[in-house]
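Please read the structure below before turning to the comments.
Nothing in this text is a laboratory measurement; each read-out follows from the coordinates by a stated rule. Here the structure is a predicted model, which means the values were calculated and not measured. Heads up, the Cβs are rebuilt from the backbone with ideal geometry, glycines too, and the neighbour counts pull from every protein chain shown.
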Amino acid sequence: PLVLGIETSCDETGIGIVRGRTLLANAVASSMDEHARFGGVVPEVAARAHLEALRPTIERAVADAGIRLEELDAVAVTSGPGLAGALMVGVAAAKALALSLGTPLYAVNHLVGHVGADLLQGEGLRPASGRHGAISTVGELELPTVALLVSGGHTSLLLVRDLIGDVELLGETIDDAAGEAFDKVARLLGLPYPGGPHIDRVAADGDPDAIRFPRGLTRPADLERHRYDFSFSGLKTSVARWVEKRRDAGEEVPVADVAAGFREAVADVLIGKAVAACRDLGVPRLLLGGGVVANARVRELAEQRAADEGIALRIPPLSLCTDNGAMIASLGAQLVAAGRPPSGLDFGADSTLPVTEIQA
Ligand code: ATP
Ligand code: MG
Ligand code: FE
C-alpha cells in the first residue's frame, strides 16, 4: 500500500511516503534552532512551527516521491506519545487530508513507529556497517527483538514480539530522558543546544576513566524494582556538583574529561540494561532508535557488547533514527497490509499513549 505518514510529536515536522516497505520520500523540517536559546524544546513554539511547516513539507515529500495525493491508499499519523499541542497540529492536518481525499486514516504510536523504521528499504538507505561488523540494517527484522529507543523525550526499552500486535514496555526513564541529560550537561559546560553532538565531539579528546560518574539504577537494591528502568537526573546533578566545586575553587574545569566521563556513564547504563534484557529474556536481537543513537560511544559500546554476547544488532540509518514521517508511514503500511480497520476521525492526540496501544 501507498501510505503517507505525518509526524509532529516533538520538534520535527516529518512527512514520509512509503509503498509497503519501500521508502519513497522522507521530508523533515525541524524547529530545533528556534528552541536553542531556551535550551530545550518549547511546546508552544514547536506547535506553531508545525503549523507553518506542514504544508511545504507535505508538498516536498509528494514531489520527492513522484506521486499524486489521490493515489494514496492511506494516511497515518502519530497520535502519541509526545507534546500535546504539537501532536494536535499533526492529527488535525491528517484528518483534514484523509477527509478531503476520502482516504482511510490510521492513528499510530510514535514509539512503535521508531521500530517500524527498521523495516524500510530503498535508495539512499545504505546498510550501516559497524567497526565490528555487528550492525546490520539489511535482511528481515527478526522477532522477537529488544528495542532501545533513546531521544530527547524518551528512554524506553521494549520487547517487540509483533510490530502491530504485541509490544511490551520493559522499562523507561523515571526522570530525564537520555538526550535531555546530554542537553542539560552541555548547557552546564557552556556548550550550545542541542548538546548531544557537542558533548560527543568534546568527549573524543577526553579520558572516559578520569572521572567516574554514577550509573543510575544499577545498584542491587535498585535493580530489584527497576531492572530495565533508567535514571539520569542524579547523574546530571553529580556532574553539576563536580563542575561547581572546581569552579568555586577557581580551578579550571577539564571539559573534555567531564564530557567523556558523562558520556561513558550514559552509554554504559543504556547498553548495559539493553544487553541484560536480551540475556534475561533469551532474545539475542537488539534494535536501536532515537536521536541519541548518533552518539559515537553509544554505538561503539553497543557493537562491542553485542559482539561479545552474540546479539544481532540493528541500527537504522540516522535519518530514520531521529523523528521522521517515514517510520509512521511504515507502521501505517503494516496495519493496512494486515487488513486492520482504520482509526476513523474520532481519535485525538494522546500525549501519554502507552506503547501497548500500537494503533489508537
Ligand atoms: P522524541 O523524544 O519525541 O523522539 P526528540 O526531538 O527529542 O524527540 P530526536 O530528534 O530523535 O528526539 O533526538 C534529539 C536528541 O538527541 C537531543 O536531545 C540531542 O542532544 C540528542 N543527540 C543528538 N546527537 C547526539 C549525540 N551525538 N550524542 C548524544 N545525544 C545526541
Ligand atoms: Mg527532535
Ligand atoms: Fe522519537
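Could you state the angle between the C-alpha long axis of helix 326-337 and the longest principal axis of the C-alpha atoms of the chain, as a value from 0 to 90 degrees rounded to the nearest 10? Tilt of helix 326-337: around 50 degrees. Which residues does a label at R246 reach in the range 154-188, if reach means a backbone N under 19 Å from a point 7 Å past the Cα toward the Cβ? Residues 182-188 qualify, since their backbone N sits under 19 Å from the label point. Of all the options D166, D268, D248, the one that moves most in a Gaussian network model of the chain with Cα springs shorter than 10 angstrom is D248. Can you give me the angle between helix 255-281 and the longest principal axis of the chain, using Cα atoms only, in degrees from 0 to 90, rounded to the nearest 10? Helix 255-281 sits roughly 60 degrees off the main axis of the chain.
Shape of the range 177-287 from its Cα gyration tensor (a ≥ b ≥ c, root eigenvalues): rounded if a/c is under 1.5, otherwise prolate when a/b > b/c, or oblate?
It is prolate, given that a/c is not under 1.5 and a/b is the larger ratio.
For the chain, the 222 nm mean residue ellipticity estimated from helices alone, with every DSSP H stretch of n ≥ 4 adding -39500 (n - 2.57) and the total spread over all residues, rounds to -13500 deg cm²/dmol. Volume of the convex hull of the range 182-245 (Cα atoms only), normalised per residue: 104 Å³. Would you mind classifying the chain by shape? Square roots of the alpha carbon gyration tensor eigenvalues, ordered a ≥ b ≥ c; an a/c under 1.5 is rounded, otherwise it is prolate if a/b is larger than b/c and oblate if not. Since a/c reaches 1.5 and a/b is larger than b/c, the shape of the chain is classed as prolate.
With the simple model of a label 7 Å out from the Cα in the direction of the Cβ, A36 to R187 spans 1.6 nm.
Report relative contact order for the chain in percent, whole number only (criteria: Cα-Cα under 8 Å, sequence separation at least 6).
That works out to 28 percent.
For the range 205-210, backbone phi angles converted through the Karplus equation (6.51, -1.76, 1.60; θ = phi - 60°) give residue-by-residue couplings of 9, x, 9, x, 9, 5 Hz, Gly and Pro being listed as x. Relative to the dominant Cα principal axis of the chain, helix 233-248 is inclined by about 40°. Would you work out if the range 138-232 is rounded, prolate or oblate? Take a ≥ b ≥ c from the square roots of the eigenvalues of the alpha-carbon gyration tensor; rounded if a/c is under 1.5, else prolate when a/b is larger than b/c, oblate otherwise. Prolate, since a/c reaches 1.5 and a/b exceeds b/c.
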